[in-house]
Ligand code: SF4
């Protein structure tokens, strides 16, 4: 056991899945309304090194098997650290929690989900403070660029409610940075293999037009990560030759895809859901799914709890999409990708979307309005199945159904 902790740690514990039968407690996840994780780079005076604070009840105060709110705030300082590093430091919460024996972390940002198993509790892991201490220990051991760190764990739901709006603003500001940068403006893309512990053939290709599947790492974040931790899970991908500008096939991406997927895949299209689509891990924020009846696409996000128009829930679909595979007609994706003009451009782009959850339609209203399809896309409030979908699309004259969308050549 490292340094007196009640849990061992190391990469060997990544991929450890905690099922209901062995669950001691969970934080965040689909049953909990408020949860988030946020890393902030601060000045040295603002960070009290190795301080671990818990605001709210601790493990002993909760009921075994229950689901509870949690916020994890990681504040760091370092002479070479800047704001660009925040998303990368934040994403390490995923890696380091999974390094911890008996703990499991999924998803990101305001969707995060942690589980602790019963064996871990039996070994004496009795306080959330210990999780903070482990994270602090791993951060400083693995990232020498961090000179001081303080971690705050919040389980008080009222306090989380108060802090969450700021976190959401930070996530939005990060996403907006890449909106004006295009793939053709850069020579280097970035790759991330952090999720290979769960999805061994998965490589996230991160480009200005393609945020990572988890939605937590954009091109700027990738660049920063490769700089601060060159041996880490995020690395540069020289673009190489542009083989197909419409489908988004690059020789450099194909080469790395082959190397990192153990030669399972050697081609990837960044702008299409067909033939050689991007692989999907399990952390994706949303799924783009093909609807044969309409020959169009729907998008469903992780937070959407009901059945989609094809009668499947997000979780059901996620099972068929994840694992690091290329699945034609299915794309695990970060939601911000909807804003890119290259989003499935080879297949017709946003104009080929024929169903959306209402919340997503509203969130990306501007982009759908710009394409003239905002009023043509039904949500769960308009249609319940594919028969109703077809009726709706024909009635409103959805441009894809009306044959008005030309695929780029
Ligand atoms: S989803 Fe992709 S980018 Fe995000 S952590 Fe996993 S491998 Fe990395």
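Just a few scattered comments:
- Burial ranking of peptide ranges 329-339, 259-269 (average Cβ count within 10 Å, highest at the top): 329-339, 259-269
- The stretch 183-396 pair-distance distribution - Cα-Cα, 5 Å bins, rounded %: 1, 8, 16, 20, 20, 15, 10, 6, 3, 1, 0, 0
- In the stretch 280-409, Cα pairs under 8 Å separated by at least six residues give a relative contact order of 27 percent.
- Dimensions in Å of the stretch 98-170 - Rg and Dmax from alpha carbons: 14.0, 39
- For a paramagnetic label modelled on residue 370 (point 7 Å from Cα along Cα→Cβ), amide N atoms under 14 Å away belong, within the stretch 179-198, to 179-183.
- Alpha carbon convex hull of the stretch 207-309, volume per residue in cubic angstrom: 123
- Quotient of Cα Rg and 2.2 N^0.38 Å for the stretch 303-372, N being how many residues it contains: 1.15
- Calculated FRET efficiency, residue 144 to residue 82, Cβ-Cβ distance, R0 = 22 Å: about 0.90 to the nearest 0.05.
- To the nearest ten degrees, helix 251-260 and the longest principal axis of the Cα atoms of the chain are 50 degrees apart.
- With contacts taken as Cα pairs under 8 Å at a separation of at least 6 residues, the chain carries a relative contact order of 14 percent.
- Alpha-carbon Debye profile of the stretch 110-226, log10 I(q)/I(0) at 0.13, 0.18, 0.20, 0.21 Å⁻¹: -0.76, -1.26, -1.33, -1.34
- The shape of the stretch 335-389 comes out prolate: with a ≥ b ≥ c from the C-alpha gyration tensor, a/c is at least 1.5 and a/b beats b/c.
- Global form of the stretch 18-161, assessed from the alpha-carbon gyration tensor, a/c cut-off 1.5: prolate
- Reference-scaled alpha-carbon Rg (2.2 N^0.38 Å with N residues) for the chain: 0.99
- Seen from a random direction on average, the alpha-carbon convex hull of the stretch 210-259 projects onto 4.0 square nanometres.
- Inter-centroid distance (Cα atoms) of the stretch 343-362 relative to the stretch 166-210, Å: 19
- Length gained when the stretch residue 162-residue 179 is fully extended (0.36 nm per residue, less Cα-Cα span): 3.3 nm
- Listed peptides 357-363, 204-210, 72-78 appear in the order 204-210, 72-78, 357-363 once ranked by packing, highest mean of other Cβ atoms within 10 Å at the front.
- Here is how the number arises for the chain: DSSP H runs of 4 or more residues each give -39500 (n - 2.57), the sum is divided by the residue count, and the result at 222 nm is -7500 deg cm²/dmol.
- Relative contact order for the stretch 169-311: 19 percent, from Cα pairs under 8 Å spaced at least 6 residues apart, divided by residue count.
Coordinate-derived values only; no laboratory data. No experiment lies behind these values; they were computed from the predicted model shown. Cβ atoms come from the backbone with ideal geometry, glycine included; neighbour counts cover every protein chain shown.
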